[in-house]
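Comments concern the structure below.
Readers should treat all values here as calculations from the given coordinates under stated rules, not as data from a laboratory. The structure presented is a predicted model; accordingly, all values stated were derived computationally and were not measured. Cβ atoms come from the backbone with ideal geometry, glycine included; neighbour counts cover every protein chain shown.
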Amino acid sequence: MDRNEDPGKHDRFTLDPPPTVDELEKLMAILARKNVSHHTKQAAVWIVTDNVNYDGLGSLRTAPAGGGSDTRSINEPEAAEVMRLCAEAGIDLKTRAIWRDRKEILAGLKDGDLKNWLKTISTAAAPAPAQ
């Protein structure tokens, strides 16, 4: 079910614990100091409050100025930046749905600082190989 669709009789719901106020306060402090788009800020908040994954971030759309079809606002580079902002705020990404999409996000990044950062935290989080 898309987050904007009405639920149907076959939809199931689960209750997740709400984010702590502390998490949101830390995230908002980081976002206040950064020069990032409102879509990036919204995506970061959704990761904390709604535990959205990469696909869910696709509902943030940008309409072209001259008309036409809207496009996804949060692609792999923006998603990785959002993950880095959340990590900077002390959010444990390994407990978030977006973490399961890190390989897809990593594959869509060009070489550079952001890709190196995501590779590093992905490798650090990987279990040690069996002996």
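Brief remarks follow.
- Whole-Hz Karplus values for the stretch 87-104 come out as 4, 4, 7, x, 6, 7, 4, 5, 9, 10, 4, 4, 4, 5, 9, 4, 5, 4 Hz, taken residue by residue from phi with 6.51 cos²θ - 1.76 cosθ + 1.60 and θ = phi - 60°; glycine and proline positions read x.
- Label point 7 Å beyond Cα of GLU88 along Cβ direction - residues of the stretch 21-37 with amide nitrogen under 16 Å: 24-37
- With R₀ fixed at 30 Å, the C-beta to C-beta distance from TRP117 to ALA97 puts the FRET efficiency at about 0.95.
- Around the Cα centre of the chain, unit charges on the Cβ atoms of Lys, Arg, Asp and Glu (plus for the first two, minus for the last two) sum to a dipole of about 320 debye.
- Taking ARG72, ARG33 and counting other C-beta atoms within 10 Å, the order from fewest to most: ARG33, ARG72
- Listed from fewest to most Cβ neighbours within 10 Å, the set LEU24, LEU109 follows the order LEU24, LEU109.
- Per-residue ellipticity at 222 nm from helix content only, as computed over the chain with -39500 (n - 2.57) for each DSSP H run of at least four residues, stands at -13500 deg cm²/dmol.
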